[in-house]
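The values are calculated or read from the model by the stated rules, or taken from the named source; none is laboratory data. Only a predicted model underlies this, so the values are computations on that prediction, with no experimental measurement involved. So basically every Cβ, Gly included, is an ideal-geometry build from the backbone, and we count neighbours across all protein chains shown. Just the protein is used for accessible areas: all its heavy atoms, side chains included, with ligands, DNA and RNA removed. Shrake-Rupley method; radii C 1.70, N 1.55, O 1.52, S 1.80 Å.
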Amino acid sequence: MQKVYDTADAALEGILKDGMLIAAGGFGLCGIPELLIDAIVKSGVKDLTVASNNAGVDGFGLGKLLDTRQVKKMMSSYVGENAEFMRQYLSGELELEFNPQGTLAERMRAGGAGIPGFYTKTGVGTVIAEGKEHKDFGGETYIMEEGIFADLSIVKAWKADDTGNLVFRKTARNFNPPAAMCGKICVVEVEEIVPRGSLDPDHIHLPGIYVHRIIQGEHEKRIEQRTTRKREEA
Amino acid sequence: MPWDRNQMAARAAEELEDGMYVNLGIGIPTLVANYVGDKDITLQSENGMLGMGPFPFEGEEDPDLINAGKKTITELNRTSYFDSAMSFGMIRGGKIAAAILGAMEVAENGDLANWMIPGKLVKGMGGAMDLVAGVEKVVVVMDHTNKAGETKLLKACTLPLTGAGVVDRIITDLGVFDVVEGGLRIVECAPGVTEDEIRSKTEATLV
């Protein structure tokens, strides 16, 4: 099966539908699927629900999809860096479901692993627990959280071979593997597609079984907070 | 004299023991890394890294290498990377020995509020709820009073909780407190700070 596509537009063809649930990898602006986001903006698909730890910044990352009002609902843990997001949320145009970060990651992983629900201590006694099933195990109380089963996963990796085996780089891995796992269809953008056999099978971070379509492209990789130290301090 | 930010961070660093895996929050907790001395401490960054190094030298920033505060950082020769599900697996699974974090309010039963103020901009809890629920020892480092001079050590939190009954120890500019049966116990006063002064600035029951 041919998984490699020439462009992001081609890779998303026939997949995008109004009202679909998309799981997106990335943490802040690190390891986000920039090219696929641009292609989704271009497609004009709307009423999307997007599960992503963050919502990008104004004019970059998922912020672009917010600017064009293509997102109906976000499932996120932290959205502090986006003024347009806040404006839409406070005016009631955008729904927001806060998930503790680890709960969001596990909900994606669980969805991808065929687990519809699980119990966690996270959020017990907080607003997050309201309306959720509580159950005691070994004298401690847990709440039930549901796995996320996305219609589409959009993911950024460092390298792929043409069978979809993926290697991520440093902290750009973050939500990408769990996001990839929980989608019915997973589209991945990488910096480099390498020849079959050139990735060490022992060093594959996510096996190609989770990956359906792959594109290669140039990434801006914007830095959200550039922090450095002076050489004298060393 | 109450402790300043750096002295609070230095006092918090005394909570850490050789060999610990630790997660530090933003603000004063970040400064704790400067005071661990010879202790072999591995810092976790919940976006998927163990063995967090210092900020990079100018020109060596890597967009693929950031901490949970989204700041550029560096790796060490012990560093490992992993995905967010595994990262919070080790947090929820109790593998992280200690978390040191800031707070808006702490109650005498160990309740912690540090993620939202109703009516004000809500940014989200990020990984804070997972950390306080899963980490073995939760140490709060914060000023004893807020900008209006009101105590942050309360009988009950007024703000939405990050976790219920999760705090083990509190380090403020005035002293060190443990959450115990019936309230908070004064473990230590900052130099020149009296128990009377602490009592006058604390609503929580001191036992």
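Pick from segment B:174-207 the residues that are small (G, A, S) and closer than 16 Å to B:N109 by Cα: which of them is most open to solvent (accessible area, probe 1.4 Å)? Looking at the filtered set, the residue picked out is B:G182. Has segment A:120-127 got any residue that is under 15 Å from the mean Cα position of the chain (by Cα), of a type in the set (V, I, T) and within 17 Å of B:M125 (Cβ to Cβ)? No, segment A:120-127 contains no residue that is under 15 Å from the mean Cα position of the chain (by Cα), of a type in the set (V, I, T) and within 17 Å of B:M125 (Cβ to Cβ).
Within segment A:164-208, no residue satisfies the criterion of being open to solvent by less than 10 Å² (accessible area, probe 1.4 Å), charged (D, E, K, R) and within 11 Å of chain B (Cβ to nearest Cβ).
Checked against the criterion of being in contact with a strand residue (DSSP E or B) (Cβ under 6 Å, 6 or more places away or on another chain), polar (S, T, N, Q), open to solvent by less than 10 Å² (accessible area, probe 1.4 Å) and facing chain B (nearest Cβ under 10 Å), segment A:69-83 has at least one qualifying residue. Annotation: of all residues in segment B:149-172 being within 14 Å of the chain's Cα centre (by Cα) and not hydrophobic (A, V, I, L, M, F, W, C), the one that is surrounded by the fewest Cβ atoms within 10 Å (Cβ to Cβ) is B:D168.
For segment B:168-184, a tally of residues being over 11 Å from B:I198 (Cβ atoms) and in a strand (DSSP E or B) returns 7.
From the list B:A99, B:A85, the one residue that fits, being touching a Lys or Arg at 6+ places or on another chain (Cβ under 8 Å), facing chain A (nearest Cβ under 10 Å) and not in a loop (DSSP other than H, G, I, E, B), is B:A85.
For segment B:1-50, the tally of residues that are open to solvent by less than 40 Å² (accessible area, probe 1.4 Å) and hydroxyl-bearing (S, T, Y) stands at 2. Looking only at segment A:124-147, which residues are closer than 20 Å to B:L112 by Cα and in contact with a strand residue (DSSP E or B) (Cβ under 6 Å, 6 or more places away or on another chain)? Selection gives A:V124, A:A129, A:T141, A:Y142, A:I143. Within segment B:42-57, can one find any residue that is in contact with a Phe, Trp or Tyr (Cβ under 9 Å, 6 or more places away or on another chain), at the interface with chain A (Cβ under 7 Å from one of its Cβ atoms) and without any contact (Cβ under 8 Å) to a residue 12 or more places away in the chain? Taking every residue of segment B:42-57 in turn, none turns out to be in contact with a Phe, Trp or Tyr (Cβ under 9 Å, 6 or more places away or on another chain), at the interface with chain A (Cβ under 7 Å from one of its Cβ atoms) and without any contact (Cβ under 8 Å) to a residue 12 or more places away in the chain. Tell me, yes or no, whether segment B:99-121 has at least one residue that is surrounded by 24 or more Cβ atoms within 10 Å (Cβ to Cβ) and either over 18 Å from the mean Cα position of the chain (by Cα) or polar (S, T, N, Q) (or both). The answer is no; no qualifying residue exists. Of all residues in segment A:9-44 being away from chain B (no Cβ under 14 Å) and part of a strand (DSSP E or B), which is most open to solvent (accessible area, probe 1.4 Å)? Step by step, filter segment A:9-44, then rank; the result is A:L21.
Restricting attention to segment A:159-200, the residues that are over 26 Å from B:T74 (Cβ atoms), in contact with a helix residue (DSSP H, G or I) (Cβ under 8 Å, 6 or more places away or on another chain) and assigned to a loop (DSSP other than H, G, I, E, B) add up to 4.
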